[in-house]
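Working notes for the structure below.
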2 protein chains.
Amino acid sequence: MRLAIDAMGGDHAPEAIVEGTIRAAQTFPDLHFVLIGDREKLEPLVGQQSKIEILHTTEKIEGTDAPVQAVRRKKQASMVLAVQEVREGRCEAAISAGNTGALMASGLFGVGRIKGIDRPALAPTLPTIHENKGFLFLDVGANAETKPENMLQYATMGSIYAEKVLHRSNPRIGLLNIGEEPGKGNELTKKAYQLLSEAPINFIGNVEPRELLQGPADVIVADGFSGNLVLKSIEGTAMSLIGLLKETLGGSLYTKVLTGLMYGKLKGIKQRMDYSAYGGALLFGLSAPIIKVHGAAKSDAVFTAIKQAKAVVEEHVVEIIGETINDSQHTWLNSKA
Amino acid sequence: MRLAIDAMGGDHAPEAIVEGTIRAAQTFPDLHFVLIGDREKLEPLVGQQSKIEILHTTEKIEGTDAPVQAVRRKKQASMVLAVQEVREGRCEAAISAGNTGALMASGLFGVGRIKGIDRPALAPTLPTIHENKGFLFLDVGANAETKPENMLQYATMGSIYAEKVLHRSNPRIGLLNIGEEPGKGNELTKKAYQLLSEAPINFIGNVEPRELLQGPADVIVADGFSGNLVLKSIEGTAMSLIGLLKETLGGSLYTKVLTGLMYGKLKGIKQRMDYSAYGGALLFGLSAPIIKVHGAAKSDAVFTAIKQAKAVVEEHVVEIIGETINDSQHTWLNSKA
């Protein structure tokens with residue numbers, strides 16, 4: 001299996017990206033890599049690695065670039081070339097820690113959507129507090145405007161991923177909402193609730209954000225606007241609280257001693273709350289596996305994302321989504337729309 | 001000043017409610033109270049308090065009751081009678097820790113809306129991490145469906161409250177959104193952005209939920225669905241994380257000793273994250289001050305809510321909102337709608 005890696009995207013590129021790739025190359029004998037970026041910078045980092053080939057380019061998309069324009073103008077950008085490797089059949093999946101919107105645009109222009117999927121979704125796996133399981137959360141912001149039918153597609157894609165890649169049997173699908181009872185929510189969630197109830201998935205009903213980190217479901221479906229707000233609320237609260245705790249603990253000489261003893265534990269909690277440890281966010285609904293790694297990703301997250309790409313390819317997740325959606329279109333999906 | 005207190009609503013009623021009321025009666029010489037509930041239960045708790053009068057009723061609205069039906073059927077419910085005390089001029093504000101939806105319905109039926117306000121909003125004050133300041137957050141769920149014009153009214157009401165009650169000069173008004181740049185968001189936030197930009201308030205633009213607890217604004221405006229999701233995400237994350245920390249620290253005999261030493265600090269952080277310490281949530285837009293106290297409120301939160309009610313009455317917040325909105329209607333509000 002060959003994977004295309006954008007070596008130039010993200011806060012710690014190219015070092016963290018190369019480091020994660022080398023570790024994956026050493027861990028998984030069947031993986032080969034095309035590392036895309038500035039050869040002059042990459043060669044010293046890569047060293048002698050027979051399974052890693054460099055595809056040279058100096059163009060890159062910045063985090064501040066407007067996604068669609070950037071992808072159209074920078075045709076030699078490392079991210080765009082990574083997707084091109086997949087489109088032209090030289091690689092089976094692409095991974096980037098760069099600009100999320102631009103990666104989605106590269107994917108849409110480069111490999112396109114799965115037939116029957118109207119809107120691809122951005123789907124990270126979030127950690128839960130009590131078990132090292134995590135749950136898939138989609139859409140967290142690929143689309144600011146969402147229809148109930150999109151959310152039904154998210155649920156279907158999420159269910160397949162949870163079963164095939166997260167190895168959950170009969171995965172529980174929850175709908176993000178402001179109340180647990182069936183009639184709760186706004187127009188959009190009420191309609192989505194109806195569609196999900198009638199779909200051939202294990203729909204467990206509405207889930208309030210207060211419960212999310214307790215892991216009430218394997219997949220949480222949301223419109224992209226709400227999903228993005230909730231994701232950022234969780235991140236912001238966790239990071240603010242951990243910061244406050246460190247400050248509070250570090251306040252006096254006495255507590256500084258305690259802090260030293262506690263630091264390892266605090267770090268463990270922070271890592272558990274850090275969703276990049278759960279790999280990247282798959283761009284669900286594109287016709288090939290394209291994975292977005294968190295912009296702040298270090299080599300561990302890059303390694304995990306590569307492992308995730310491998311699983312998605314091996315389990316034929318994209319193909320199964322395509323078959324299920326198109327089968328569904330003929331049976332239950334169209335009849336409900 | 002006389003305040004009507006629903007003694008029967010909330011998880012710790014009537015004990016916590018009575019306790020908070022007694023403390024307020026002792027603290028503020030000019031306050032008198034009508035405590036509404038079961039005389040048999042209340043009299044032993046109240047004891048000899050010349051400034052607290054009991055209005056007897058045994059009917060009450062439960063947390064699980066459907067709001068509108070409950071208010072229509074249970075005409076002698078403690079919450080309904082509390083609002084009635086205000087409507088009939090015997091009290092100047094009402095406070096309840098009971099069913100939020102039912103309190104809103106009681107308020108709408110009982111005292112009605114301020115002329116010019118289409119939808120009242122639920123507005124708690126949330127804590128920030130670094131300063132003991134907090135920010136007003138509205139709407140957090142009074143309305144599941146919201147128009148941009150409603151959000152302009154929320155901003156106006158919030159600005160007045162922040163100035164008069166929170167004592168912020170030229171209060172900063174932020175719009176909850178999924179990105180900071182002006183063009184970000186969904187249809188609703190884009191239109192709301194436009195309206196807020198043109199309003200005579202200190203609008204500072206979009207605020208992402210990741211920044212909220214750092215205190216970027218004095219007032220955060222949101223549609224009720226998004227506001228509710230974000231509020232519950234913050235609460236859930238904070239409580240999950242504090243729980244996890246306690247478990248982690250309490251895992252071994254060694255760390256148990258540390259936990260004992262740390263417990264005070266942890267508790268301090270938890271209290272800072274607990275928004276009930278910031279008083280109740282005003283039902284903004286009703287034509288009299290009706291305040292919702294958190295269902296889990298203990299006597300401290302009841303006391304704070306009473307102090308808040310006093311400030312709202314003394315600063316004529318409801319009257320100023322009415323004048324501003326109606327003045328605005330004639331000048332800038334209507335021209336933008």
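The residue that is most open to solvent (accessible area, probe 1.4 Å), counting only those in region B:89-98 that are of a type outside the set (Asp, Glu) and in a loop (DSSP other than H, G, I, E, B), is B:ARG90.
Would you mind stating whether B:VAL165 is open to solvent by less than 10 Å² (accessible area, probe 1.4 Å) and either touching a residue at least 60 places away in the same chain (Cβ under 8 Å) or within 20 Å of B:GLY141 (Cα to Cα) (or both)? For B:VAL165, the condition - open to solvent by less than 10 Å² (accessible area, probe 1.4 Å) and either touching a residue at least 60 places away in the same chain (Cβ under 8 Å) or within 20 Å of B:GLY141 (Cα to Cα) (or both) - is not met. Of all residues in region B:99-109, those satisfying the criterion of being open to solvent by 10 Å² or more (accessible area, probe 1.4 Å) and under 14 Å from the mean Cα position of the chain (by Cα) are B:ASN99, B:THR100, B:GLY101, B:MET104. Scan region B:48-88 residue by residue and report those that are open to solvent by 50 Å² or more (accessible area, probe 1.4 Å), assigned to a helix (DSSP H, G or I) and of a type in the set (Val, Ile, Thr). Hit for region B:48-88 is B:VAL68, nothing else. Contact map, region A:65-88: residues that are free of Cβ contacts under 8 Å to residues at least 60 places away in the same chain paired with residues that are in a helix (DSSP H, G or I) and of a type in the set (S, T, N, Q), Cβ distance under 7 Å, separation 6+ or inter-chain. Pairs shown: A:VAL71/A:SER106; A:VAL80/A:SER106. When B:PRO44 is tested against (1) assigned to a loop (DSSP other than H, G, I, E, B); (2) surrounded by fewer than 20 Cβ atoms within 10 Å (Cβ to Cβ), only condition (1) is not met. On the basis of being at pLDDT 95 or above, of a type outside the set (Phe, Trp, Tyr), open to solvent by less than 50 Å² (accessible area, probe 1.4 Å) and out of contact with any Phe, Trp or Tyr (no Cβ under 7 Å at 6 or more places or on another chain), does A:ALA296 make the cut? When the stated conditions are applied, A:ALA296 does not pass them.
Residue check: B:PRO216 meets all listed conditions (1) within 12 Å of chain A (Cβ to nearest Cβ); (2) in contact with a strand residue (DSSP E or B) (Cβ under 7 Å, 6 or more places away or on another chain); (3) closer than 19 Å to B:PHE284 by Cβ but one, namely (3).
No other residue among A:LYS147, A:LYS115 is at pLDDT below 95 and open to solvent by 20 Å² or more (accessible area, probe 1.4 Å) apart from A:LYS115. Restricting attention to region B:143-158, the residues that are touching a helix residue (DSSP H, G or I) at 6+ places or on another chain (Cβ under 6 Å) and within 11 Å of chain A (Cβ to nearest Cβ) add up to 3. Annotation: B:ALA66 fulfils all but one of (1) within 13 Å of chain A (Cβ to nearest Cβ); (2) closer than 26 Å to B:LEU176 by Cβ; the unmet one is (2). Open to solvent by 10 Å² or more (accessible area, probe 1.4 Å) and under 30 Å from A:ALA309 (Cβ atoms): is that true of A:SER233 in this structure? Considered against the rule, which asks whether it is open to solvent by 10 Å² or more (accessible area, probe 1.4 Å) and under 30 Å from A:ALA309 (Cβ atoms), A:SER233 comes out as no.
Conditions tested, residue by residue: (1) modelled with pLDDT of 95 or more; (2) assigned to a loop (DSSP other than H, G, I, E, B); (3) more than 14 Å from chain B (Cβ to nearest Cβ).
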site: A:ILE160; (1), (2), (3): no, no, yes
site: A:LYS184; (1), (2), (3): no, yes, no
site: A:LYS190; (1), (2), (3): yes, no, no
site: A:TYR193; (1), (2), (3): yes, no, no
site: A:ASN206; (1), (2), (3): yes, no, no
site: A:GLU211; (1), (2), (3): no, no, no
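Considering only residues in region A:162-182 that are within 9 Å of another protein chain (Cβ to nearest Cβ) and of a type outside the set (A, V, I, L, M, F, W, C), the one that is farthest from the chain's Cα centre (by Cα) turns out to be A:GLY179.
The values are calculated or read from the model by the stated rules, or taken from the named source; none is laboratory data. Computed from a predicted model, the values in this text were never measured in an experiment. Positions of Cβ are backbone-derived with ideal geometry, glycine not excepted, and every protein chain shown enters the neighbour counts. Side chains included, ligands, DNA and RNA excluded: accessible areas come from the protein's heavy atoms. Shrake-Rupley method; radii C 1.70, N 1.55, O 1.52, S 1.80 Å.
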